[in-house]
1. Taking amide H atoms as placed 1.01 Å from N in the peptide plane, list the residues 5 or more away in sequence, or in a different chain, whose amide H sits under 5 Å from that of Leu8.
2. What's the ranking of 56-64, 12-20 by average number of surrounding C-beta atoms within 10 Å, highest first?
3. Which label belongs to the value computed from this structure, given these candidates for P(r) over Cα pairs in 10 Å bins from 0, in percent: [x] 13, 41, 27, 14, 4, 1; [y] 13, 49, 34, 3; [z] 11, 38, 36, 14, 1?
4. Could you give each residue of segment 58-71 its phi-based ³J(HN,Hα) in whole Hz, using Karplus coefficients 6.51, -1.76, 1.60 with θ = phi - 60°, and x for Gly or Pro?
Amino acid sequence: MSAESTPLRTLVADDDPDIRSLMEITAIMAGLDVVSVVSNGRSALEAIEAGGIDLAILDISMPEMSGLEVLQRVRTSLPRTEPRVVLVSASVDAASLAAGLDSGADDYVTKPFSPRSFAGRLRELAQEWETQS
């Protein structure tokens, strides 16, 4: 992100409080503006539908609604680039990755993740998206 750019308003969603906190810290390390932190898919969808979210970091396996279900609902109701979505999952198999990306995820990160590496990846994605805007 350039010095004059506004940090992406970010939603973090994970049902595990420790992972959720780690994802929030990682997003902050990446220079993102974490505006919402939730523990389930339904709350994530409600926050996204309320507006003001540029990037959603969604765990795939959450109660009430999976991250994949949230992504599918968002992609059918909002323009393709609103919001950008990064899926996070413990599933490392090719089928899970393909399902996430085929559903419209902008990136897919596997757990466990290195906060430093994940923050770097988020920074790179934010810069790519900024140049596309």
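1. For Leu8, whose amide H was placed from the backbone, the distant partners under 5 Å are Asp33.
2. Descending packing order for the listed peptides: 56-64, 12-20.
3. So the structure-derived entry is [y].
4. The phi angles translate into 10, 5, 6, 9, 9, x, 6, 6, 6, x, 5, 5, 4, 4 Hz.
Where a number appears in this text, it was derived from the coordinates with a stated rule and is not lab data. Worth saying up front: this structure is predicted, and the values here are computed from it rather than measured. With ideal geometry, Cβ positions are generated from the backbone for all residues, glycine too; neighbour counts draw on all protein chains shown.
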